[in-house]
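The values are calculated or read from the model by the stated rules, or taken from the named source; none is laboratory data. Please read all numbers here as calculations on a predicted model, not as lab measurements. Here the Cβ is made from the backbone with ideal geometry for all residues, glycine too, and neighbour counts use every protein chain on show.
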Amino acid sequence: MSDQTLILMALAEQLEDFIVTTVPDAEKVSKYGGVLFTLKPEEKEGQFCGVFIYKEHVQLSFSLGAELHDPAGVLEGSGKRRRHVNFKAASNLDFNVLEGLLKQAASL
């Protein structure tokens with residue numbers, strides 16, 4: 001395994017731990033090649049976010065991201081619903097911004 005892969009795996013784990021800390025009732029579901037987080041595991045569309053590892057970055061994806069208030073302007077994407085933030089290193093993580101987005105996403 002390359003150093004870059006190990007770095008991205010550690011980054012994804014850090015993000016997943018932060019999500020669970022921020023939204024303690026969230027449950028992890030492995031799906032679509034990543035980890036989804038849901039407050040309603042019995043509902044197919046109950047997930048509010050997910051963490052996915054790509055070749056060059058880790059993506060934090062928000063299922064209803066278009067509805068989130070994003071004063072920091074970190075969300076990317078132009079679809080009807082989903083928005084995401086890509087991270088290449090742990091130094092890119094702004095936990096204050098992420099906490100606000102995660103709490104909003106979990107409440108939708």
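General observations
- Strands (runs of 3 or more DSSP E) enclosed by the stretch 8-95 - at least 3 residues per element that are closer than 20 Å to Ala106 by Cβ, touching a Phe, Trp or Tyr at 6+ places or on another chain (Cβ under 9 Å) and of a type outside the set (Val, Ile, Thr): 34-38, 47-53, 58-62
A quick yes/no check of all residues on (1) closer than 20 Å to Asn86 by Cα; (2) surrounded by fewer than 16 Cβ atoms within 10 Å (Cβ to Cβ); (3) of a type outside the set (Val, Ile, Thr); (4) modelled with pLDDT of 95 or more:
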residue	(1), (2), (3), (4)
Val20	yes, yes, no, yes
Val35	yes, no, no, yes
Pro41	no, yes, yes, no
Gln47	yes, no, yes, no
Phe52	yes, no, yes, yes
Gln59	yes, no, yes, yes
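- Lone unmet requirement of (1) surrounded by 15 or more Cβ atoms within 10 Å (Cβ to Cβ); (2) free of Cβ contacts under 8 Å to residues at least 24 places away in the same chain; (3) within 22 Å of Asn96 (Cα to Cα); (4) more than 13 Å from the chain's Cα centre (by Cα) for Pro24: (1)
- Only residues that are closer than 16 Å to Phe37 by Cβ and within 12 Å of the chain's Cα centre (by Cα) were counted in the stretch 64-86, giving 6.
- Residue within the stretch 59-80 that is at positive phi and of a type outside the set (A, V, I, L, M, F, W, C) present: yes
- Members of the stretch 68-108 that are among the hydroxyl-bearing types (Ser, Thr, Tyr) and within 20 Å of Glu16 (Cα to Cα): Ser91, Ser107
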